[in-house]
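Beneath this line is the structure, given in structure tokens, with notes to follow.
Any read-out appearing in this document is the output of simple, stated calculations on the displayed coordinates, not a laboratory observation. Note that the structure is a prediction, hence the values are computed from the model and not measured. Don't worry about glycine lacking a Cβ; one is built from the backbone with ideal geometry, like all the others, and counts go over all protein chains shown.
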Amino acid sequence: MSAGPARVVLLAHPAAHSLSPRMHDAAFAAAGVPARYAALDVPPAELAAAVARLRAAPYLGANVSVPHKEAVARLVDELTGAARAVGAVNTVVRHGARLVGHNTDAPGFLRGLAELGFDPAGAGCLVLGAGGAARAVVWALLGAGARVVVVNRDAARAERLVADLEAAGAPHLPAARLLVNTTSVGMAGGPDPDGLPLLTPAQLAALPAGAGVVDLVYRPALTPLLRAAAARGHATQNGLPMLLWQGALAFEAWTGRPAPAAVMREALERGLAGSPA
Ligand code: ATR
């Protein structure tokens with residue numbers, strides 16, 4: 001073992017605006033784990049070398065974000081069931097020289113839903129988007145016993161997701177008890193920061209009373225979708241709980257210790273309050 005603190009890195013491109021360093025450094029400090037977390041901006045051409053460096057001390061492992069989650073799934077030695085099913089790795093754990101790829105986005109999303117008091121078992125759920133985040137959400141919801149319908153701008157991509165994960169393909173908005181936006185619409189600096197993702201206001205109005213609405217966007221904390229849904233009386237949640245819980249599960253995988261979730265949540269909330277919306 002080398003001297004000095006253990007390391008965990010985020011492999012992403014870009015990486016500068018990540019809240020994960022604050023969240024995990026606060027967690028390491030609170031749990032007394034001698035480790036440091038740093039975000040690395042890794043262009044695709046440098047990804048394989050960056051992953052190879054994780055195979056020795058001082059690395060406990062890594063997080064992986066856009067655009068590397070699928071590529072890292074092909075660079076590690078072993079995948080957990082969730083990582084294999086979703087086809088994406090957001091957390092790497094080192095065991096000796098071996099790297100195991102995990103996907104904590106999927107179970108992290110379910111822990112966030114539990115905060116909303118929502119039980120997916122048997123529930124109709126409508127997922128907007130068919131990218132990487134959608135795959136984790138759909139797989140998690142199906143595993144929890146939900147019936148999931150996926151809608152995407154690029155219909156062929158939605159069909160591929162549906163075929164891979166055995167979700168349903170046709171829009172069925174009125175029956176849904178949960179609506180989840182996984183697209184970047186509504187995100188500060190995103191494609192349409194003032195827009196509703198793939199929905200008309202009339203479609204949103206057709207969502208049954210009592211349905212929950214989750215937006216995986218957390219900047220801004222209140223997206224146009226969440227604002228409109230809250231105005232109609234729906235229970236709402238932004239992307240912060242999923243961000244928190246995927247991080248808490250990653251922390252537990254690296255350290256073998258329970259995550260100090262309250263400290264991590266506070267670090268995220270402070271980071272968001274201090275960053276431009
Ligand atoms: P992530 O890993 O965050 O899911 P991604 O894989 O790039 O990122 O997926 C982005 C999602 O946002 C996709 O569903 C994308 O739709 P397409 O598959 O049609 O590209 C969706 N998205 C991005 N910009 C959008 C826009 N302006 N309107 C509707 N959907 C949009």
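Can you give me the relative contact order of the chain as a percent, contacts being Cα pairs under 8 Å and 6 or more apart?
Reported as a whole number, the value is 17 percent.
Just order 140-146, 33-39, 100-106, 229-235 by mean Cβ neighbour count inside 10 Å, highest at the front, would you?
Values: 140-146: 20.3, 33-39: 18.0, 100-106: 26.7, 229-235: 15.1.
Final packing ranking: 100-106, 140-146, 33-39, 229-235.
Helix 105-115 versus the longest principal axis of the chain: what angle, 0 to 90°, nearest 10, using Cα atoms?
60 degrees
If you take the Cα atoms of the chain, find Rg, then find the Kirkwood Rh from the mean of 1/r over all pairs, what is Rg/Rh?
0.97
With axes computed from alpha carbons, what is the tilt in degrees of helix 261-273 against the longest principal axis of the chain, rounded to the nearest 10 within 0 to 90?
The helix 261-273 is inclined about 70 degrees to the chain.
Under unit Cβ charges (Lys, Arg +1; Asp, Glu -1), what dipole magnitude, rounded to 20 debye, does the chain have relative to its Cα centre?
Numbers: 23 positive and 19 negative charges, 72 e Å.
The dipole magnitude comes to about 340 debye.
Under the rule of at least 5 residues apart or a separate chain, name every residue whose amide H is placed under 5 Å from the amide H of L79.
Here G101 satisfy the definition.
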